[in-house]
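Student: The structure's right below; bear with me while I get my questions together.
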C-alpha cells in the first residue's frame, strides 16, 4: 500500500526509486532471515514453512463482519465514501486513489493475517481503517486547486 502511495505522490523519480529499493531490500532480508532461521511465523504447529489457509481467510472476513456489527455509521457511509473518492480521483485528485487503496488494504489485512498465521483478530486492529475513513472524508471535502509555480 505504501508503494502505491509513493508511486502516486508528486515527488522526484529518484526518491521514488530509493523508496522502492529500500522496500525490496527489506523484503529480501526478512525472507532470507525466515528461511535461514527456519522460523515458523504462523505460531501454530511448527512446520518450518508458511501455509495459506483459505478457510481461515474467509473466516477473517466473517470475524470482520461480527466486529463491525455495532458500527452502523461506518457501515452506512463506507460505500458512499468509496464512490465519492472514485469520482474525485477521476477529476484528477491523486490522493483519492491512495486513500481507496489504503482502505482496501486495511480491509484485506486481517483476513490475510488470519490465513497466514494463527493470530487472533481483535477489533483494535481496525483503528487504521477508521483513520483512513476519516482522511477519506476530509479528502472529499478538500477543495485543492493546483497553483502554477
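The values are calculated or read from the model by the stated rules, or taken from the named source; none is laboratory data. Computed from a predicted model, the values in this text were never measured in an experiment. Every residue, glycine as well, gets a Cβ built from its backbone with ideal geometry; the counts of neighbours run over all protein chains shown.
Student: Inside the stretch 8-31, can you point out the residues that are in a helix (DSSP H, G or I) and at pLDDT below 80? Give the derivation first.
Tutor: The first filter runs over the stretch 8-31 and keeps only residues in a helix (DSSP H, G or I), leaving 8, 13-31.
8, 31 - these are the residues of the stretch 8-31 that are in a helix (DSSP H, G or I) and at pLDDT below 80.
Student: Kindly check whether there is at least one residue in the stretch 39-55 that is assigned by TED's automatic domain parsing to the domain that holds residue 132, surrounded by 16 or more Cβ atoms within 10 Å (Cβ to Cβ) and at pLDDT 85 or above.
Tutor: Among the residues of the stretch 39-55, not one is assigned by TED's automatic domain parsing to the domain that holds residue 132, surrounded by 16 or more Cβ atoms within 10 Å (Cβ to Cβ) and at pLDDT 85 or above, which makes the answer no.
Student: So which helices (runs of 4 or more DSSP H) are wholly in the stretch 61-149 and hold at least 3 residues that are closer than 25 Å to residue 6 by Cβ and within 12 Å of the chain's Cα centre (by Cα)? Let's see the steps before the verdict.
Tutor: Values: elements: 72-90, 94-116, 127-141.
Once the helices (runs of 4 or more DSSP H) in the stretch 61-149 are filtered for at least 3 residues that are closer than 25 Å to residue 6 by Cβ and within 12 Å of the chain's Cα centre (by Cα), what remains is 94-116, 127-141.
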